[in-house]
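Novice: Structure provided below as structure tokens; questions to follow.
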Amino acid sequence: MLITNGKVITFGKTNQIIEDGAVRVEGDRISDIGEAGKLRVTYPEDNVVDAGGQLIMPGNICGHTHFYSAFSRGMAIPGEPPRDFLEVLSKLWWRLDRALLDEDVKYSALLSLIDAIKHGTTTLIDHHASPSAIPGSLDQIASATTKAGVRSSLCYEVTDRNGPDGARAGIEENVRFLRRVQAAKDPLLAASFGLHASLTLSDETLANSVAAARGLNTGFHIHAAEGIADEEDSLRRSGKRVVERLLAAGILGPKSILAHCIHVDAWEMALLRDTGTWVTHQPRSNMNNAVGVAPVETMLRGGIRVALGNDGFSNAMWDEWKTAYLIQKLWHGDPRRGNGYDIMQMAVTHNAALARVFWPEAALGEITPGAYADLILVDYHPFTELTAGNLAWHILFGFEASAVTATMVAGRWLMRDRKLLTLDESAITARASELSAAVWQRYTNLAG
């Protein structure tokens, strides 16, 4: 397949913009890129797809999300509104996740995947919780991602907040699914070992999780220092700050992801850097929960690998770019903060490198020969110069999620001309509407 008559944005080590460019796709990989005229002559027998002058770009990557949160849209929290982050957790998320049953888990994922495809997000790293339906829950999500055709890494968040049986079941679900993924070798499916957060994990459960993960060639995916309460709890429990406690437990490392890291201090940052641990930044969620702003500029300057996620907000990742850009300026009262190159480093360079942890066979997040053919077409026609040097600011001030007209993963079109090809949106939303009513009723009963 030859996708031609487009402006190719390559990203990668040497970001290029190829005017009147083309991308050749063979199987699940990109086999060639270049000027459209030359590639049409080189591959005269290829099926030609006319991009109609649109941008041809790598698909977006999300470093941390929650498919299970989809049914929260429009949900009212009974009683007084939450006053702080712990009340947000206890009044909303820890009741919603307990209200989810098996089919709810699947349809919540399907809704999130529809959103991802429409917004050109082709790779997602998910973090799941459904305490009333733990065994097989990751299979429910995997069946949804397989149907959708989106590249996804899954895990189950282990926690002590639902008792020792719940903690054991969460550990077992991670182990079972990791073994399934490693045995089946689905090219679009990956896994890690999920943990909720230090503040809901005892030393015993942390030790049991590390022991269970031994020999599975995996890292951990955990929330860390999202609220100040996480640091305070860790100090009470162990005399150590969160990152220090997780280091002592054996959680840190180059395959592990710590989401948020808002309240980490300089010594914790040094540990994150020295262990090669990944950090993900979710500014829309952090604003919504009023937990603060992560020191991502300092982390990046110090060599910490900071990627960009959405924490269950919409999969319009360019909205996350914009929020990350603006929040630093407001937080510091300085328009020089939140440089566009820093945002691109997180959202493009580091997200692509994080994705390679789970899919090491080929490059992601770039258009180069040999890379996975995860592509989007973007209907963006600027009235000012567009170059590799100013691309970040075009994305920040010009791109809109509605501009995505086509999405491809592993050489397969998931959407063309804004029409979904792998998922029946009407049928999914109709069933989800029925399921969400029951979920909300269970949530209300839990809240009462």
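Novice: Relative to the present Cα-Cα distance, how much length would full extension add between Leu235 and Asp20 at 0.36 nm per residue of separation? Mind showing how you got there, number by number?
Specialist: Numbers: separation 215, 0.36 × 215 = 77.40 nm, distance 5.78 nm.
Contour length minus the Cα-Cα distance gives 71.6 nm.
Novice: Report the label-to-label distance for Leu446 and Glu425 in nanometres (one decimal), using points 7 Å from each Cα along the Cα→Cβ vector.
Specialist: 2.9
Novice: Are any of the pairs Lys147/Lys419; Lys106/Lys255; Lys13/Lys38; Lys7/Lys322 more than 25 Å apart by Cα-Cα distance, and if so, which?
Specialist: Those over the limit are Lys106/Lys255.
Novice: In addition: Taking Cα atoms, how many degrees apart are the long axis of helix 425-447 and the longest axis of the chain, rounded to 10 and kept between 0 and 90?
Specialist: 20
Novice: Shifting gears a bit: Report the local net charge at Ala447: Lys and Arg +1, Asp and Glu -1, summed over other residues whose C-beta lies under 15 Å from its C-beta.
Specialist: Values: positive: Lys91, Arg95, Arg98, Arg442; negative: Glu80, Glu87, Asp97.
Net of charged neighbours comes to +1.
Novice: Based on the mean of other beta carbon atoms within 10 Å per residue, what is the order of 221-231, 270-280, 413-423, most packed first?
Specialist: 221-231, 270-280, 413-423
Novice: Please build a GNM for the chain, connecting alpha carbons under 10 Å apart, and tell me which residue among Glu297, Glu80, Glu320 fluctuates the most.
Specialist: Among Glu297, Glu80, Glu320, the largest GNM mean-square fluctuation belongs to Glu80.
Novice: Modelling each spin label as a point 7 Å along the Cα-to-Cβ direction, I'd like the Lys13/Asp379 distance in nm, to one decimal.
Specialist: Distance between label points: 3.7 nm.
Novice: List the residues of region 237-276 whose backbone N lies under 17 Å from a point placed 7 Å from the Cα of Asp84 along the Cα-to-Cβ direction.
Specialist: Counting only backbone N, you get 237, 242, 262-264.
Novice: If you don't mind, there's one more thing I want to ask. Relative contact order (percent) for the chain, with alpha-carbon contacts under 8 angstrom and 6 or more residues of separation?
Specialist: The value is 21 percent.
Novice: To the nearest 10 degrees, how steeply does helix 317-332 sit against the main Cα axis of the chain, on a 0 to 90 scale?
Specialist: Value to nearest ten degrees: 60.
Novice: Separate question: Search the structure for amide H atoms under 5 Å from the amide H of Arg305, placed 1.01 Å from N in the peptide plane, and list their residues when 5 or more places away or on another chain.
Specialist: For Arg305, whose amide H was placed from the backbone, the distant partners under 5 Å are Val279.
Novice: Let me ask another. Quick check: net charge around Gln54, other residues with Cβ under 9 Å of its Cβ, Lys/Arg +1 and Asp/Glu -1?
Specialist: 0
Novice: By count of other Cβ within 10 Å, fewest leading, how are Leu113, Leu39, Leu199 ordered?
Specialist: Result, fewest neighbours first: Leu39, Leu199, Leu113.
Novice: Arranged by the count of other C-beta atoms within 10 angstrom, fewest first, what order do Trp331, Trp321 take?
Specialist: Placing the least packed residue first, the sequence is Trp331, Trp321.
Novice: Another question, if that's okay. Indicate the gyration tensor shape class of region 159-277 (rounded, prolate or oblate), computed on the Cα atoms with a ≥ b ≥ c the square roots of the eigenvalues: a/c under 1.5 is rounded; otherwise a/b larger than b/c is prolate and the rest oblate.
Specialist: Oblate is the answer for region 159-277, as a/c is 1.5 or above yet b/c matches or exceeds a/b.
Novice: Between rounded, prolate and oblate, where does region 60-358 land on the alpha carbon gyration tensor, with a ≥ b ≥ c its root eigenvalues, rounded for a/c under 1.5, else prolate if a/b exceeds b/c? Please report the intermediate quantities before stating the final value.
Specialist: Working: a/c = 1.25, a/b = 1.15, b/c = 1.09.
Here region 60-358 falls in the rounded category.
Novice: What FRET efficiency would be calculated for the residue pair Ala290, Thr42, taking the C-beta separation as r and a Förster radius of 51 Å, to the nearest 0.05?
Specialist: With a Förster radius of 51 Å, E is 0.40.
Novice: Can you give the angle from 0 to 90° between the axis of helix 228-238 and the longest principal axis of the chain, with both taken from C-alpha atoms, to the nearest 10?
Specialist: 50
Novice: How far apart, in nanometres, would the label points at Leu101 and Ser143 be if each is projected 7 angstrom from Cα along the Cα-to-Cβ direction?
Specialist: 1.5
Novice: Can you compute the FRET efficiency between Thr298 and Met75 using 1/(1 + (r/R0)^6), with r the Cβ-Cβ distance and R0 = 22 Å? Round to the nearest 0.05.
Specialist: Efficiency, rounded to the nearest 0.05: 0.05.
Novice: Given the Cα-Cα distance of Glu434 and Arg336 and 0.36 nm per residue of separation, how much length would full extension add, in nm? Display every interim value, and only then the final one.
Specialist: On the way: separation 98, 0.36 × 98 = 35.28 nm, distance 4.82 nm.
Taking Glu434 through Arg336 to full extension adds about 30.5 nm, to one decimal.
Throughout, read-outs are computed from the coordinates displayed, never taken from laboratory work. What you see is a predicted model; the values in this text were computed from it and never measured. All Cβ positions, glycine included, derive from the backbone under ideal geometry; neighbour counts span all protein chains shown.
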